[in-house]
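Data first, discussion second: the structure below is written as structure tokens.
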Amino acid sequence: MIKTFKVLSLLLDYPTKDLCAAVPDFRRVLDDEALLPAQARRGVEGILADLESLDIYELQERYVLLFDRTKSQSLHLFEHVHGEGRDRGQAMVDLLGLYDETGLELTTKQLPDFLPAFLEFLALLPLAEAVEHLGRPAHIYEALSKRLQEKCAPYADLLAALETLSGVTPEAATVQALLNEPEDDPNDLEAIDAVWEEAAVVFGPAAAPDQDAGCPVAEDMLARMAVPESAKAPEGR
């Protein structure tokens, strides 16, 4: 397992007391594997320091306001590609298939396009393949990082570290297209309720998109995320 990817996955998940207590272990892993360049490693230190020093309820409230109440800052990758469209459902199924081949089992509360889940998947791959796949949604990392920078949130440096680790520089026009999407107000509960009343993501055959529909960015991302033979679980696993 590539432990750095696992640590980054945990740091992007909902803060808990156990997560805060594990900060010394996280530092040890990041420093021992040394996959992050020095500047990116310093950026990740910001969120580590917060987990050590801030009250758990403050950490949890901040996380919810940043990621759970805003679709524009959602950590669900396909949200930034094609929202709640039917093609997202089929993309979820395809992504689950990749996870299954590596032996990754999600909890019932996780959607496969949740960024921490995606990073868990990458942690199970050989390093070269993991880094290659990490770069597919690099435009999303950069857009999220820029949005979070405006709010002085330390998670901005964590998203920037993912882009740095991938070695990919996304096209400026692609990033700008994401940034042009309207931002949600996490304190406007009425608007939040209205947005989340949209159609739910559908899995299975019913989720198959129309032949003339689809999103090139999502299709390209999925088409190039095939699990290499060396990463597949042994037969009978």
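Every number in this text was worked out from the coordinates using simple rules, so none of it is lab data. Worth saying up front: this structure is predicted, and the values here are computed from it rather than measured. Using ideal geometry, Cβ is built from the backbone for each residue, glycine included, and neighbour counts are taken over all protein chains shown.
Below are the figures for this structure:
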{"quantity": "Potential extension, Glu181-Leu54 segment - 0.36 nm per residue separation minus Cα distance", "calculated": "42.6 nm"}
{"quantity": "FRET E, pair Gln39, Lys109, Förster distance 45 Å, beta-carbon r, rounded to 0.05", "calculated": "0.85"}
{"quantity": "12 Å beta-carbon shell around Val23, net charge (K/R +1, D/E -1)", "calculated": "-2"}
{"quantity": "Cut-off under 5 Å, modelled amide H: who pairs with His76 long-range", "calculated": "Leu115"}
{"quantity": "Which listed pairs, of Lys3/Lys151; Lys71/Lys146; Lys6/Lys151; Lys17/Lys109; Lys71/Lys109, have C-alpha distances above 24 Å, in listed order", "calculated": "Lys3/Lys151; Lys6/Lys151"}
{"quantity": "Cβ-based net charge around Ser145, under 14 Å, with every Lys or Arg adding one and every Asp or Glu removing one", "calculated": "-1"}
